[in-house]
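Chemist: Below are the structure tokens for one structure; questions will follow.
The values are calculated or read from the model by the stated rules, or taken from the named source; none is laboratory data. On a predicted model such as this, the values are computed, not experimentally measured, just so you know. As a convention, Cβ positions derive from the backbone with ideal geometry for all residues, glycine included, and neighbour counts pool all protein chains shown.
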Amino acid sequence: MSDFALTEEQYNEVVRLSRAYHREAHRCRDCKAYLAGCVMMGAALEASLLAFVNCYPDEALRSTRAPTRRGTIKPLAQWSLAEFLAVAKERAWLPSGLSLDEEWSDKKAQIGDYTEVLRQIRNLIHPTQHMLALPHKRITKRYLKMSFEIFDVATEYFLNKIGESLRAVFEADTEEENAPKNP
């Protein structure tokens, strides 16, 4: 497991980076650098996912979508945003109502689908991606606003999962304390 997960120092750095990217996206918004802001929000999401998945390594390792190289699951530090999202959707950490090849439906879309949209917006930093996806179009304030909203909702899902895990630990401890003692 130690080769898979982050060290405590790496984990702390990833959390710091997520906050730094988020702050940088706010600066980008303030100076109307909307594409740069979207890239920063994509980076903040990726860092948050890395930190989150590091908290649930056993679940990540059981995922059928965990990325492999030569038959073994890659260390977390080598996963891409797309790979994090695939595992998060498969584990229902970020529920998804659409498949990647399915036409968009606001009625069926869930947070996992919207995080995929944020990944695609982030990837517009690549000239070929931008040229093919949005020829002759700019990334506007609306895209950045949506990126912030997607990040915020995804973060809520992460925090809810962590809260559920903590509750389960506390309940197990309470049951153990209240269990009759055998003399």
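Chemist: All but one of (1) touching a Leu at 6+ places or on another chain (Cβ under 8 Å); (2) in a helix (DSSP H, G or I) hold for SER48, so report the exception by its number.
Modeler: All conditions pass for SER48, except number (1).
Chemist: Which numbered condition in (1) more than 20 Å from LEU124 (Cα to Cα); (2) in contact (Cβ under 8 Å) with a residue 40 or more places away in the chain; (3) out of contact with any Leu (no Cβ under 7 Å at 6 or more places or on another chain) is the only one that LEU76 fails?
Modeler: The failed condition is (3).
Chemist: Of everything in segment 98-118, what is surrounded by fewer than 18 Cβ atoms within 10 Å (Cβ to Cβ) and within 19 Å of HIS22 (Cα to Cα)? Give them in sequence order.
Modeler: Correct list: VAL117 only.
Chemist: Out of the residues in segment 1-44 that are assigned to a loop (DSSP other than H, G, I, E, B) and either within 18 Å of MET146 (Cβ to Cβ) or among the acidic types (Asp, Glu) (or both), which is modelled with the lowest pLDDT?
Modeler: Selected residue: ASP3.
Chemist: Pick out the one residue from ARG29, ARG91 that is surrounded by 15 or more Cβ atoms within 10 Å (Cβ to Cβ), in contact with a Gly (Cβ under 8 Å, 6 or more places away or on another chain) and basic (Lys, Arg).
Modeler: Numbers: ARG91 fails: in contact with a Gly (Cβ under 8 Å, 6 or more places away or on another chain).
Residue meeting the stated conditions: ARG29.
Chemist: Would you call SER80 touching a Pro at 6+ places or on another chain (Cβ under 8 Å), small (Gly, Ala, Ser) and closer than 27 Å to LYS108 by Cα?
Modeler: Criteria met by SER80.
Chemist: Could you tell me which residue of segment 124-149 is farthest from ALA44 (Cα to Cα), considering only residues that are among the β-branched types (Val, Ile, Thr) and out of contact with any His (no Cβ under 9 Å at 6 or more places or on another chain)? Even if it seems obvious, please write down each step before you answer.
Modeler: Filtering segment 124-149 for residues among the β-branched types (Val, Ile, Thr) gives 125, 128, 139-140.
Then keep just the ones that are out of contact with any His (no Cβ under 9 Å at 6 or more places or on another chain); that gives 125, 128, 140.
Values: ILE125: 15, THR128: 23, THR140: 19 Å.
In this case the residue turns out to be THR128.
Chemist: Also, quick follow-up: Determine which single condition TYR157 fails, assuming it passes every other condition in (1) in contact (Cβ under 8 Å) with a residue 12 or more places away in the chain; (2) exposed (fewer than 14 other Cβ atoms within 10 Å of the Cβ).
Modeler: Result: TYR157 fails condition (2) only.
Chemist: Tell me which residues, restricted to segment 115-148, are over 21 Å from LYS32 (Cα atoms) and touching a residue at least 40 places away in the same chain (Cβ under 8 Å).
Modeler: Matches in segment 115-148: THR115 only.
Chemist: With of a type in the set (Gly, Ala, Ser) and modelled with pLDDT of 95 or more as the only criterion, which of SER105, SER80 stands out?
Modeler: SER80
Chemist: A follow-up question, please. Given segment 101-179, what helices (runs of 4 or more DSSP H) lie entirely inside it while holding 3 or more residues that are touching a Gly at 6+ places or on another chain (Cβ under 9 Å)?
Modeler: 111-122, 141-178
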